[in-house]
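The values are calculated or read from the model by the stated rules, or taken from the named source; none is laboratory data. All values reported here derive from a predicted model rather than from experimental measurement. Cβ sites come from the backbone with ideal geometry, for glycine too, and all protein chains shown count toward neighbours. Surface accessibility is based on the protein's heavy atoms, side chains included, excluding ligands, DNA and RNA. Shrake-Rupley method; radii C 1.70, N 1.55, O 1.52, S 1.80 Å.
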Amino acid sequence: MDFIPIENLMSWTWQGLRALLLVAIFGGIVWGLSDRRVRHIAALTWKTAVRLRFIWVMVILILFAVGGLPAMLRDDGSAKGMAQIILTYTLSMTTGILGLSTLWLAVGSMAQDISQCQMQMVVTKPIARWQIWLGKWLGIMGLNLLLLGLAGTVVYGMVEYRAGVLTTAQYERLKDRTDVEIKQEVGKALGERRLKLDEVYILDKEKHQLKLDDNQRPILQPMETLKRLLAELPERELREKVLVARAPLELEDVKVLTASGNGINSDSYMEWRKLQRENDEKLALMKALERVQAYARAEQDRRANKGGIFKNVEVPQSLPADIMARIRSEVRMEYLIQSQVMRPQTARRFSFRKPRASFAADRGLVLRFQLLDTRMNFKGDRQYRTAITYGPFEDQPGLPIVGISGLPYTEYTARTQIEEPMRAMAFRAGEDGEAEEISIFGTNNLLYVNLMNAETPQPGQEYMATIKLPFLNETTGELDPRGVEVMYYEGGFFKNYLRALAVVFAWLGALAALGLMAASFMSLPMAVFACTGILVISFCTGLLKDVVKDDTIMQTYSDGVHDTSVVDYFAINSFKLMVAIISPVKDYSPIEDLTEGRAITWDQLGRAYSYIWGVTGLLISGLGMLIFTRRQLAITDNNE
């Protein structure tokens with residue numbers, strides 16, 4: 001009898017709970033919208049916003065932020081840089097403006113209604129207080145939906161317009177160029193692999209090869225076609241790299257490839273890491289103990305040579321626990337860094353699992369990674385030779401990613417995001433000798449990608465050719481899924497853009513609940529102060545994580561060890577709670593993914609709402625409704 005793994009049971013249980021939570025949340029919202037009394041409170045919130053000229057001020061601010069701001073910013077001159085600047089700054093400004101305005105409106109509408117005794121008149125009507133609270137939240141979210149829709153439409157239209165004029169502007173630049181200049185630009189684009197051979201040269205579709213002239217040279221496309229190809233290139237690259245939604249394949253394992261007398265050894269990274277780390281720790285601890293024992297014996301000899309009565313110096317047989325912990329930590333950090341270093345002619349093999357859902361194989365895949373020079377911490381001009389192969393078989397080289405002139409390696413600059421296209425289908429010789437098309441995913445649904453340091457240094461200068469391939473989280477030591485990635489086409493930009501706006505809308509919902517909850521039991525100034533403090537803390541989660549990691553708020557050292565404070569017990573536990581609550585909300589940030597052409601999947605959107613609204617939002621909303629229900633409204637700031 002086959003048993004279901006506990007991990008699968010836990011995953012299914014969480015997915016079921018998440019689905020029930022989402023149904024409960026949106027069911028409550030639908031019920032609230034269908035209730036006449038709740039709708040009336042929401043309408044009163046809108047009237048208050050109109051009376052305070054809130055809507056018109058926000059419309060002007062948003063139009064200036066998304067329309068005027070990009071015109072004042074400069075990009076790097078590339079189409080990709082232009083789109084990333086527009087998306088990053090406009091969406092960030094929109095989120096910031098709407099976030100602050102949501103808090104201000106939520107706090108102001110609730111606190112002022114109570115302080116001005118308007119709420120006392122409302123609660124005398126046949127409506128529960130929690131319905132008043134829900135109506136105000138729905139009214140604020142209705143305003144947010146209107147303003148976010150306006151901002152999103154302007155940003156999307158601006159991006160599409162700027163992308164559309166790229167081709168026209170590029171063609172105007174090329175139309176008067178000579179044939180020689182056009183051929184030079186085409187050759188440069190081919191060398192940089194921005195154009196394909198079958199695009200530049202005429203293809204014989206029956207023979208699946210390039211047509212040749214009488215001199216056996218490939219025949220170029222007409223000059224007008226080449227101009228059109230060059231003119232469309234910036235927009236095409238923009239839509240392939242930024243205005244797209246690509247999702248990553250699941251990273252299954254990493255193997256370390258080393259050469260030996262028997263061929264190539266392939267060791268699982270997890271097992272190799274464990275063995276190497278244990279050996280390094282034992283060696284480091286043994287050497288540290290030997291040094292301590294040698295010092296103790298030398299001290300014994302020194303005292304014995306002086307004569308007289310001296311207290312005997314004991315030779316320790318083991319290291320103190322704190323010293324052992326510090327040595328293990330140092331070895332671990334050094335190991336995490338060195339294990340990602342590839343010396344010349346060494347490689348790493350990454351295995352990726354085929355996506356469960358069907359994907360557009362005709363659009364291919366994209367390999368993303370980055371190289372670092374271990375000798376410098378800045379971007380230089382030096383090129384590093386890297387050989388890349390991929391395919392469905394673990395014991396075969398696979399398809400190569402060739403460089404200029406068909407060389408079996410490519411050259412990359414360190415500290416640069418590298419993207420290489422990969423075919424989703426390959427050809428191999430069948431049993432009858434004819435070529436047959438096969439998937440690059442094997443029968444085990446795995447794709448194997450090999451990255452090798454192809455540098456050939458001079459004898460004694462191996463360190464000059466050593467490169468680092470980041471694929472680990474250097475804090476936890478686990479595989480970093482964003483270190484080396486293989487991306488597949490998940491959908492278009494418009495759908496991805498709508499999902500990004502939906503995540504921003506979820507943030508605004510949590511902020512509206514926070515403002516209403518604070519104003520339910522605080523005066524206007526105190527509620528504003530409290531909400532501002534929470535926002536400031538949310539921007540400092542990186543610092544809080546560092547303090548929790550150090551297990552002390554002190555930043556000073558004594559004998560190489562962190563000093564401690566009497567308030568650590570309370571501060572560390574408080575910081576852990578803040579990080580646990582705030583970090584998951586910030587982790588669902590769609591803006592960075594959107595500017596990188598990374599898909600915001602429906603599953604990610606569901607997880608974002610289940611946490612932001614389901615966990616955080618329900619806790620804040622439930623607490624706010626409870627406090628507002630129990631509050632004595634007759635006691636206000638005006639009569640205290």
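Right, L22: within 30 Å of W133 (Cα to Cα) and modelled with pLDDT under 85 or not?
Answer is yes for this residue.
For segment 375-424, which fully contained strands (runs of 3 or more DSSP E) count at least 2 residues that are acidic (D, E), modelled with pLDDT of 70 or more and open to solvent by less than 90 Å² (accessible area, probe 1.4 Å)?
By residue number, 418-422.
When every residue of segment 460-468 is checked against the conditions, at least one turns out to be surrounded by 14 or more Cβ atoms within 10 Å (Cβ to Cβ), modelled with pLDDT under 80 and not acidic (D, E). It is to be established whether one or more residues within segment 29-43 are on the phi < 0 side of the Ramachandran plot and not in a helix (DSSP H, G or I). Checked against the condition, which is being on the phi < 0 side of the Ramachandran plot and not in a helix (DSSP H, G or I), segment 29-43 yields at least one hit.
For segment 151-166, the condition of being under 18 Å from E224 (Cα atoms), of a type in the set (A, V, I, L, M) and within 30 Å of the chain's Cα centre (by Cα) holds for at least one residue.
So which of L147, L61 ends up being within 29 Å of L238 (Cβ to Cβ), open to solvent by less than 10 Å² (accessible area, probe 1.4 Å) and over 25 Å from the mean Cα position of the chain (by Cα)? Just one listed residue meets the conditions, L147. Among the residues of this structure, S92 counts as one that is in contact (Cβ under 8 Å) with a residue 24 or more places away in the chain, within 20 Å of V155 (Cβ to Cβ) and open to solvent by 30 Å² or more (accessible area, probe 1.4 Å).
Inspect segment 167-181 for any residue being part of a helix (DSSP H, G or I), open to solvent by 10 Å² or more (accessible area, probe 1.4 Å) and either more than 30 Å from E199 (Cβ to Cβ) or aromatic (F, W, Y) (or both) and give the result as yes or no. Yes, the conditions are met somewhere in segment 167-181. From the list L190, L195, the one residue that fits, being assigned to a loop (DSSP other than H, G, I, E, B), modelled with pLDDT under 85 and of a type in the set (A, V, I, L, M, F, W, C), is L195.
Restricting segment 95-124 to residues that are of a type in the set (V, I, T) and either touching a Pro at 6+ places or on another chain (Cβ under 8 Å) or part of a helix (DSSP H, G or I) (or both) leaves a set whose member that is surrounded by the most Cβ atoms within 10 Å (Cβ to Cβ) is V107. Would you say M452 is of a type in the set (A, V, I, L, M), open to solvent by 40 Å² or more (accessible area, probe 1.4 Å), touching a residue at least 24 places away in the same chain (Cβ under 8 Å) and in a loop (DSSP other than H, G, I, E, B)? In short, no.
Among the candidates I86, I140, I127, the residue that is over 26 Å from the mean Cα position of the chain (by Cα) and either surrounded by fewer than 14 Cβ atoms within 10 Å (Cβ to Cβ) or part of a helix (DSSP H, G or I) (or both) is uniquely I140.
Yes/no matrix, rows are residues, columns are (1) modelled with pLDDT of 65 or more; (2) in a loop (DSSP other than H, G, I, E, B):
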| position | (1), (2) |
| --- | --- |
| D214 | yes, yes |
| E224 | yes, no |
| E235 | yes, no |
| R239 | yes, no |
| A247 | yes, no |
| L251 | yes, no |
| V256 | yes, no |
| N265 | no, no |
| N279 | yes, no |
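Restricting attention to segment 182-220, the residues that are open to solvent by less than 80 Å² (accessible area, probe 1.4 Å) and either more than 41 Å from the chain's Cα centre (by Cα) or of a type in the set (A, V, I, L, M) (or both) add up to 14.
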